[in-house]
Every structure is written in structure tokens, then in C-alpha cells.
1. Name the residue, out of 67, 123, that is closer than 29 Å to residue 34 by Cα and either among the aromatic types (Phe, Trp, Tyr) or over 13 Å from the mean Cα position of the chain (by Cα) (or both).
2. Is region 110-125 home to any residue that is over 21 Å from residue 23 (Cα atoms) and touching a residue at least 40 places away in the same chain (Cβ under 8 Å)?
3. So residue 38 fits all but one of (1) free of Cβ contacts under 8 Å to residues at least 40 places away in the same chain; (2) farther than 21 Å from residue 151 by Cα; (3) of a type in the set (A, V, I, L, M); what number is the exception?
4. Mind listing just one residue for me: the one in region 118-133 that is in a loop (DSSP other than H, G, I, E, B) and in contact with a Phe, Trp or Tyr (Cβ under 8 Å, 6 or more places away or on another chain) and, of those, nearest to residue 163 (Cα to Cα)?
5. Kindly indicate which of 23, 40 is surrounded by fewer than 19 Cβ atoms within 10 Å (Cβ to Cβ), among the hydrophobic types (A, V, I, L, M, F, W, C) and within 16 Å of residue 119 (Cβ to Cβ).
6. So residue 21 clears everything in (1) at pLDDT below 95; (2) closer than 30 Å to residue 160 by Cβ except one condition, right? Which one?
7. Pairs under 6 Å by beta carbon, first residue within 22 Å of residue 119 (Cβ to Cβ) in region 144-156, partner buried (at least 16 other Cβ atoms within 10 Å of the Cβ) and hydrophobic (A, V, I, L, M, F, W, C), six or more apart or different chains?
Amino acid sequence: MFDVDRFVEDCRAAIAAEPSHKAAREVVARAVCNPAAVLAALGEPHLAGVEPLYRSPSLTILNVVWGPGMTVMPHDHRMWAVIGVYTGREDNIFWRRVASDASGLIEAAGAKSLGVGCAEPLGRDVIHSVTNPLGRLTAALHVYGGDFYGVARSEWDPETLTERPYDFELHRRIFEQANRKPAS
């Protein structure tokens, strides 16, 4: 059985023992290997959104629900993360800064599709965009090695790929817009 309080405590213990993503990844992997238990504890997702489950200076745990067909522009976290999908699928494009350019431009560097049961670590310097390719909601536990909301971060314009400060209000509106689209 998945228990949110136990999951939080296990994540806290993991980063106390090993401050990198390695031990936290194991905690997330254990949780999402039984997606039905996570769904039973958190409830079947009905709307796109981000629900904070825990927040401290050294750890943030979010329940992220992506709307059908939803895409979030390239962004960074400036801390390690572990993404554990428990329903649906998310497709990630990984980006890298254009080395010879000081303007903050990025270029695609790879991609990975995460399905139910995946627990994927992302390094502190990773830049990625996320798409839910499905016509239904996708949900994942996101564990961050720091205060997700307290760090200045960047996002990249999806058309020009130029860097700008991360805009939490814009991302909130993206989730709201996803909730207004009918499922396909």
C-alpha cells in the first residue's frame, strides 16, 4: 500500500543518507512499481495540475498531472529530480545550451518516453520539455533535491528557443488551459 506520509519520510531519509538523486530514485521506483496503490492513495486524477505533497529547503515532492496532449516548454530545475510515472505517459525532449552562443539558445539533444513504472533521474543541469502524448491524463510523482519553488530557474521560448526567467504564473495558466480542452 502506498502511503503519502511514509513516502515523504522515505524520501527525506534517502536524501539524508545520500544527497544525490540515487537513493531518492530507489524510493520513487518502489512507489511507482505498484501504480494501482499510488492511484488508490492519491485518487484517480481528474484535472491537470501540480499538487505539492512536501516542501522544504532540501526536498520538494509534487504530484504532477499532465492534461491530454499538454506540452510544457523547455525549462530547467537547477537541482536534481526524479520523475516516477504512475499513470499514462510523458515524453521528454532533452535540450543543451548551444556552446558557441552566449544568448542562451538551446538545441535538442535527445528524448525519452516515460511510461507507468518508470522512475527517471534528471541531473541538476538538465533542460527538458514535457509532452503528454495521450488523449487522457498522465500523472507522476516528482521529487526534487531542493526547494522547487524557491530557486530562480529558466524556461525557453518554445518558438525561438531563447532563455528567459521561469514564469510560474505562465505555467499555472498552461495547466488551466489544459483543463479547458476536451479529452480526445
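1. Values: 123 fails: either among the aromatic types (Phe, Trp, Tyr) or over 13 Å from the mean Cα position of the chain (by Cα) (or both).
From the options 67, 123, the qualifying one is 67.
2. No, every residue in region 110-125 fails to be over 21 Å from residue 23 (Cα atoms) and touching a residue at least 40 places away in the same chain (Cβ under 8 Å).
3. Evaluating residue 38 over (1) free of Cβ contacts under 8 Å to residues at least 40 places away in the same chain; (2) farther than 21 Å from residue 151 by Cα; (3) of a type in the set (A, V, I, L, M) leaves (1) as the failure.
4. Filtering region 118-133 for residues in a loop (DSSP other than H, G, I, E, B) gives 118, 123-126, 132-133.
Now drop any that are not in contact with a Phe, Trp or Tyr (Cβ under 8 Å, 6 or more places away or on another chain), which leaves 123-124, 126, 132.
On the way: 123: 19, 124: 17, 126: 14, 132: 23 Å.
Only one residue tops the list, namely 126.
5. Working: 40 fails: within 16 Å of residue 119 (Cβ to Cβ).
Answer to the check: 23.
6. Condition not satisfied by residue 21: (2).
7. 144/79; 144/81; 145/79; 145/80; 146/79
Matching residues to (1) under 24 Å from residue 30 (Cα atoms); (2) of a type outside the set (Phe, Trp, Tyr); (3) touching a helix residue (DSSP H, G or I) at 6+ places or on another chain (Cβ under 6 Å):
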{"position": "110", "(1), (2), (3)": "no, yes, no"}
{"position": "119", "(1), (2), (3)": "yes, yes, yes"}
{"position": "123", "(1), (2), (3)": "yes, yes, no"}
{"position": "144", "(1), (2), (3)": "yes, no, no"}
{"position": "155", "(1), (2), (3)": "no, yes, no"}
{"position": "165", "(1), (2), (3)": "no, yes, no"}
{"position": "168", "(1), (2), (3)": "no, no, no"}
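The values are calculated or read from the model by the stated rules, or taken from the named source; none is laboratory data. Note that the structure is a prediction, hence the values are computed from the model and not measured. Glycine also receives a Cβ, built like all others from the backbone with ideal geometry; neighbour counts cover every protein chain displayed.
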